[in-house]
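What follows is one structure encoded as structure tokens, with my remarks underneath.
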Amino acid sequence: MKPLILDNTNREQLRQWLESESCVVACLCAAWCDTCTAYQGKFEEFAALHPNQRFVWIDIEDQADIVGDLDISNFPTLLIEQHGIVSFFGTVQPDLRQADRLLRAQLEKSHADLKAESVASAEKIRWQHDCNLQKRLEND
């Protein structure tokens, strides 16, 4: 399945994914970013490797009302959310293998592990408050 390219007409689809048992992998990028443009094809390959998960491409400027004040320091930035828990938020190298290893590591964790890790550090607590897409969409 190709990644969903988030726009104002398909936010409900993302809401449904976030409420389901699926893992949602979001790539936060910008249309003007050459690295993002080059990575988009790799992100599609990444999605093809994990057909049971959900992938969404979010342009931070087109979807500024959702992305808001997220601290995106560089591109591409990945956000992985499972069961309402943000298990990863950060810049990654535009390398399919690195992203694949990262996702596989997150998918191996139980819900209890994810929950415990979500409060294990100030950074991860901040992710739950600031980066949670499900909560951001609720305010939409």
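The values are calculated or read from the model by the stated rules, or taken from the named source; none is laboratory data. Since this is a predicted model, take the numbers as computed values, not measurements. Every residue, glycine among them, receives a Cβ derived from its backbone with ideal geometry; neighbour counts consider all protein chains shown. Accessible surface is based on the protein model in full, side chains and every heavy atom, while ligands, DNA and RNA are left aside. Shrake-Rupley method; radii C 1.70, N 1.55, O 1.52, S 1.80 Å.
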The residue from GLU61, GLU44 that alone is of a type in the set (Asp, Glu), free of Cβ contacts under 8 Å to residues at least 60 places away in the same chain, out of contact with any Ser or Thr (no Cβ under 9 Å at 6 or more places or on another chain) and not in a helix (DSSP H, G or I) is GLU61
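Against the condition modelled with pLDDT under 95, of a type in the set (A, V, I, L, M, F, W, C) and over 16 Å from ILE5 (Cα atoms), how does ILE125 come out, does it pass?
The answer is no for ILE125.
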Result of the Cβ filter at 8 Å on region 9-29, keeping first residues that are under 21 Å from LEU102 (Cα atoms) and part of a strand (DSSP E or B) and partners that are charged (D, E, K, R) and open to solvent by less than 10 Å² (accessible area, probe 1.4 Å), at least 6 apart or interchain, is CYS23/GLU81; VAL24/GLU81; ALA26/GLU81
Taking region 102-122 and the residues there that are farther than 20 Å from ASN52 by Cα and not small (Gly, Ala, Ser), the one that is surrounded by the fewest Cβ atoms within 10 Å (Cβ to Cβ) would be VAL119
In region 114-140, anything under 29 Å from ASN8 (Cα atoms) and of a type in the set (A, V, I, L, M, F, W, C) is listed as ILE125, TRP127, CYS131, LEU133, LEU137
